[in-house]
Amino acid sequence: MLNLTKLVCLLEGMCTQLTTMAVSSKEKHLRYSVCYICVLLFSTSMVFTQDEERLPQATNLEIIQMLGRQVGDSVVSVLNSGDSVRVMVRPSQTAWFVRGVIMQAVEGGGCIPTESLSSPVEMDIGLMSANVEYTNIRRTGLFGGKIIDRLVRVSFAANVVDKRTGMVLLNGNLTRSSSDVIEVSEVSRIENPGIPETRGVLPEEGFFSFLLEPLVVVGAIAVAVYLLFHVRS
């Protein structure tokens, strides 16, 4: 498939051939003007096609779990490798989607996760919040697809106690976030209808942004018609 640059060059070459034909100067000027408008409209309409085949972006749940793993790694960093750790992830009704990555972090740190009350170390992690925020809706180009900024943020409260010494190894809140740019058309795919924490509110598109594309098209057509009748007269 031809890329955008090659297609624009091809159109410009066709315009050059048209304008070098044996015609009057007025007709040559008209043809050049019309071709220039066509190239402009075509090139702007193709701005977004180069991104159509890029890989799917991570879902909101995947990002939340990635951030949860980062928090888990930070908490586990205060432990000693080989420790047997009683892990509690709360609230169990709503934090189930991050429990798995917390357990992976404990195992990845060389510790042994357990539910035994006799474990020498207790790790209590509470999911305080997880949310997705969409902002700054816009277009990639004049006729390109709509994109938005995505911010995913999680906050945990963590308390880690070594029962052998009674020492509190960690007590505090941990927050992690991730931001990127996504296509508006991808929102329905990256959200999970069954998990409210993965859903966000789409912002409204600005009034002028909504009108820009049709105004440009109408304006370009108006200029072409004006040039046509102006040159003939």
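The values are calculated or read from the model by the stated rules, or taken from the named source; none is laboratory data. Everything quoted here is computed from the prediction, not taken from an experiment. All Cβ positions, even for glycine, are placed from backbone atoms using ideal geometry, and neighbour counts span all protein chains on display.
Could you count how many residues in the range 84-98 are out of contact with any helix residue (DSSP H, G or I) (no Cβ under 9 Å at 6 or more places or on another chain) and touching a residue at least 12 places away in the same chain (Cβ under 8 Å)? Reasoning before the result, please.
Pass one, the range 84-98, residues out of contact with any helix residue (DSSP H, G or I) (no Cβ under 9 Å at 6 or more places or on another chain): 84, 86, 88, 90-91, 93, 96.
In the following step, the residues that additionally are touching a residue at least 12 places away in the same chain (Cβ under 8 Å) were identified as 84, 86, 88, 90-91.
Counting residues in the range 84-98 that are out of contact with any helix residue (DSSP H, G or I) (no Cβ under 9 Å at 6 or more places or on another chain) and touching a residue at least 12 places away in the same chain (Cβ under 8 Å) gives 5.
Within the bounds of the range 145-154, is there any residue that is crowded, with 18+ Cβ neighbours inside 10 Å and farther than 21 Å from ALA58 by Cα?
no
Conditions tested, residue by residue: (1) at pLDDT 95 or above; (2) not in a helix (DSSP H, G or I).
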{"residue": "GLN50", "(1), (2)": "no, no"}
{"residue": "SER81", "(1), (2)": "no, yes"}
{"residue": "VAL87", "(1), (2)": "yes, yes"}
{"residue": "GLN93", "(1), (2)": "no, yes"}
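If you scan the range 190-204, which residues turn out to be assigned to a loop (DSSP other than H, G, I, E, B) and in contact with a Pro (Cβ under 9 Å, 6 or more places away or on another chain)?
Of everything in the range 190-204, just one residue is assigned to a loop (DSSP other than H, G, I, E, B) and in contact with a Pro (Cβ under 9 Å, 6 or more places away or on another chain), namely ARG199.
For LEU151, work out the one condition from (1) over 30 Å from ASP73 (Cα atoms); (2) at pLDDT 95 or above it doesn't fulfil.
(1)
Looking at the range 70-89, which of its residues are over 13 Å from ILE102 (Cα atoms) and not small (Gly, Ala, Ser)? Full working, then the answer.
Of all residues in the range 70-89, those over 13 Å from ILE102 (Cα atoms) come to 78-84.
Listed by number, the residues that qualify are VAL78, LEU79, ASN80, ASP83.
Against the condition surrounded by fewer than 19 Cβ atoms within 10 Å (Cβ to Cβ), assigned by TED's automatic domain parsing to the domain that holds VAL181 and within 19 Å of SER74 (Cβ to Cβ), how does SER129 come out, does it pass? Let's see the steps before the verdict.
Values: surrounded by fewer than 19 Cβ atoms within 10 Å (Cβ to Cβ): yes; assigned by TED's automatic domain parsing to the domain that holds VAL181: yes; within 19 Å of SER74 (Cβ to Cβ): yes.
It is true that SER129 is surrounded by fewer than 19 Cβ atoms within 10 Å (Cβ to Cβ), assigned by TED's automatic domain parsing to the domain that holds VAL181 and within 19 Å of SER74 (Cβ to Cβ).
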